[in-house]
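What follows is a short report on a single structure.
Every read-out reported here was derived from the displayed coordinates using simple, explicitly stated rules and does not represent laboratory data. Since this is a predicted model, take the numbers as computed values, not measurements. Cβ sites come from the backbone with ideal geometry, for glycine too, and all protein chains shown count toward neighbours.
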């Protein structure tokens, strides 16, 4: 782990072996890693669909090795929990057993759900991280949430602060205003990429440098690193 780095690498990859290889290549260049739904679902499916106990044990060994490596850096587990308070709290507790630094919950699940999640972090010290409006959403925010992006992000962030959630996920375009209002909060910003890089499905984007200047604590970078022929070099350039 590079303590000076602000980069969290999004391990959105199709195979656990690929994830483990990426961690080995870039961990000295970055602050940490984000494990999202793709990898989490792989872990369940690999063991649940194993045709023999031997295969299941092999999958479990790889998972244990990956989690061990990930815990050597900042670890963000990104299940984007969004359910009733009891379910969110129960799921959060199970995830805290993996000892992550950050666990994501949708702020739109409501204040009680966020409080339920926060209450489950006492034993292991993970920080609940409230997701506001996904960085893939822009023009349709009004249809989905009934308000423009900026206004909705502000409302959802206020809910997170009221629920004593210590970290917030937002795009780099909103982080400056939020940081000015709540400077004590940890801000995690996906939707960052270098100026000459394709945006893919991200709709609200700035460069990593712009995001950090605006107040981001950490920037989440995925394909610019994970799809590179030289992931360590890409991380160092960023």
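Convex hull volume of the C-alpha atoms in region 46-171, normalised per residue: 129 Å³. Normalising the average separation of contacting C-alpha pairs (under 8 angstrom, six or more residues apart) by the number of residues puts the relative contact order of region 1-103 at 29 percent. Listed from fewest to most Cβ neighbours within 10 Å, the set 15, 6 follows the order 15, 6. Going by neighbour counts of Cβ atoms within 10 Å, the residues 144, 8, 44 line up, fewest first, as 44, 144, 8.
Set against the labelled values (i) 8, 32, 37, 20, 4, 0; (ii) 7, 26, 24, 15, 12, 10, 6, 1, 0; (iii) 7, 27, 30, 20, 10, 5, 1, 0, P(r) over Cα pairs in 10 Å bins from 0, in percent computed from this structure falls on (i).
As a length-normalised measure over Cα pairs under 8 Å and 6 or more apart, the relative contact order of region 123-224 settles at 28 percent. Above 16 Å, the calculated P(r) of region 34-91 contains 55 percent of its Cα-Cα pairs. Size descriptors for region 128-194: radius of gyration and Dmax over Cα atoms are 11.3, 34 Å. Estimated from helices alone, the mean residue ellipticity of the chain at 222 nm is -13000 deg cm²/dmol (sum of -39500 (n - 2.57) over DSSP H runs with n ≥ 4, per residue). Listed from fewest to most Cβ neighbours within 10 Å, the set 171, 108, 73 follows the order 108, 73, 171. For the chain, relative contact order (Cα pairs under 8 Å, six or more residues apart, normalised by length) works out to 18 percent.
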